[in-house]
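Some notes on the structure that comes next.
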Amino acid sequence: MKSVSIQTFGSPEGMRVTDIPVPSPQPGEVLVRTEAIGVGGVDAVVRRGTLGSYGFTEGFVPGSEVAGVVTQVGDGVEQAWVGRRVWAFTGVGGGYVEQAIAKVGDVVALPDDLSSIDSVTLGSAAPVAHFALEHARFSAGESVLVRGAAGSIGIAVVELAATAGAGSITVTTSSPARGARLRGFGATHVLDRGGNGDGPTEFDVIIDVIAGASLPSFVERLTPNGRIVLVGVVGGPPPADFGMVLMGAFRKSLSLSTFSLDTVPTADRDRTRAEYFDAAVRGEIHPVVEDVLPLSRAAEAHQRMDDGQVFGRIVLTP
Ligand SMILES: NC(=O)c1ccc[n+]([C@@H]2O[C@H](COP(=O)([O-])OP(=O)(O)OC[C@H]3O[C@@H](n4cnc5c(N)ncnc54)[C@H](OP(=O)(O)O)[C@@H]3O)[C@@H](O)[C@H]2O)c1
């Protein structure tokens, strides 16, 4: 079957279309014939080599979320899954393929009225947004800043915070045009990536998809008892002396935490995901698809991400 792998970490040119055998589902797993493959920010982070120390090696197949039809199940998995259209989390990688393996606990049946393409913009992003806001102990009336708001996770945070009655929702983004689009999802103030522009000077809650060198300057903008939750590393790791910023603000009783969906019990994750799929069908949360490209053009999708041309998510089809 066709797959796309990273032969050389760095630029998208290091990605190749390769032919690999169709895998067999092991106990507890399902095989999904993919109809849609989400190109997530994490795929680009891995490809750039930002996470090189985590043990990714050449030949790695990126992609963590797919949607399609279950064609086979491994031992211990109900046969009833076969033929169902599902969303599936494939792990940190393994998604850029025509037939993907997932654990049955990471598979959710899709409502008939939600397309496979739309589902792979929300299946990870909406639960991350939901649980990150919960992790931040966000409550109605509070001021929220979303760093890196123009990706799938950020857009979902903006929508959920607006629905939950945030006092204000400030976003960082790279252009006024992207800011205008984010206002359509509920943003009230738009800052540039560095945090400059008209808006509140302090925030009760920051949901941060970016981290990177300028993270300390955002931590300094938390209110007393403010909370910042790091959900991504699109901008790379924070500076090594970052801890000193927190210590310098000791008397503000700030909270900084990371948040990963991995720590949410599987049943809670799947139930929440299914609820957001239903919410999307009702038009209460919006999938944002920048473009749909064939799997063989995955490198082009990555290049467009690197060039800052993607709002929401590019989706690949096999
Ligand atoms: N916590 C979890 O459980 C979980 C689950 C899945 C993924 N993730 C993480 O979430 C991140 C991906 O999220 P995503 O797909 O929503 O993001 P994304 O689409 O890759 O990026 C979001 C936005 O960040 C801005 N941006 C890009 N590079 C930047 C830079 N160097 N500095 C500042 N801003 C930059 C861009 O918007 P503008 O051009 O408008 O600024 C981009 O649209 C990854 O780090 C991934 O590991 C976490």
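The values are calculated or read from the model by the stated rules, or taken from the named source; none is laboratory data. It should be emphasised that the depicted structure is a prediction, and the values quoted were computed from it without experimental measurement. All Cβ positions, even for glycine, are placed from backbone atoms using ideal geometry, and neighbour counts span all protein chains on display.
Data table
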{"read-out": "Count of residues meeting criterion [of a type in the set (A, V, I, L, M, F, W, C) and more than 11 Å from the ligand (Cβ to nearest atom)] in the stretch 127-157", "value": "6"}
{"read-out": "Test: residue in the stretch 168-181 that is more than 17 Å from Arg227 (Cβ to Cβ) and more than 12 Å from the ligand (Cβ to nearest atom)", "value": "no"}
{"read-out": "All helices (runs of 4 or more DSSP H) inside the stretch 225-312 with 3 or more residues being modelled with pLDDT under 95 and surrounded by fewer than 19 Cβ atoms within 10 Å (Cβ to Cβ)", "value": "242-248"}
{"read-out": "Residues of the stretch 172-193 classified as more than 21 Å from the chain's Cα centre (by Cα), not aliphatic (A, V, I, L, M) and not in a strand (DSSP E or B), total", "value": "2"}
{"read-out": "Residue identified as within 13 Å of the ligand (Cβ to nearest atom) and touching a Ser or Thr at 6+ places or on another chain (Cβ under 7 Å) among Gly195, Gly199", "value": "Gly195"}
{"read-out": "Filter result for the condition that a residue is in a helix (DSSP H, G or I) and surrounded by 19 or more Cβ atoms within 10 Å (Cβ to Cβ), over Ala162, Ala80, Ala102, Ala156", "value": "Ala156"}
{"read-out": "Pairs, first farther than 18 Å from Val66 by Cα in the stretch 273-288, second of a type in the set (Ser, Thr, Tyr), C-beta under 7 Å, six or more apart", "value": "Ile285/Tyr276"}
{"read-out": "Count of residues meeting criterion [polar (S, T, N, Q) and within 13 Å of Glu275 (Cβ to Cβ)] in the stretch 116-133", "value": "0"}
{"read-out": "The listed residue being assigned to a strand (DSSP E or B) and either under 20 Å from the mean Cα position of the chain (by Cα) or under 25 Å from Ile207 (Cα atoms) (or both), out of Val144, Val120, Val128, Val69", "value": "Val144"}
{"read-out": "Residue that is farthest from Val42 (Cα to Cα) [pool: residues in the stretch 220-236 that are in contact (Cβ under 8 Å) with a residue 40 or more places away in the chain and not β-branched (Val, Ile, Thr)]", "value": "Arg221"}
{"read-out": "Output for the stretch 40-55, where each listed residue is out of contact with any Lys or Arg (no Cβ under 9 Å at 6 or more places or on another chain) and in a loop (DSSP other than H, G, I, E, B)", "value": "Gly49, Thr50, Leu51, Gly55"}
{"read-out": "Out of Thr71, Thr90, sole residue that is surrounded by fewer than 19 Cβ atoms within 10 Å (Cβ to Cβ) and of a type in the set (S, T, N, Q)", "value": "Thr71"}
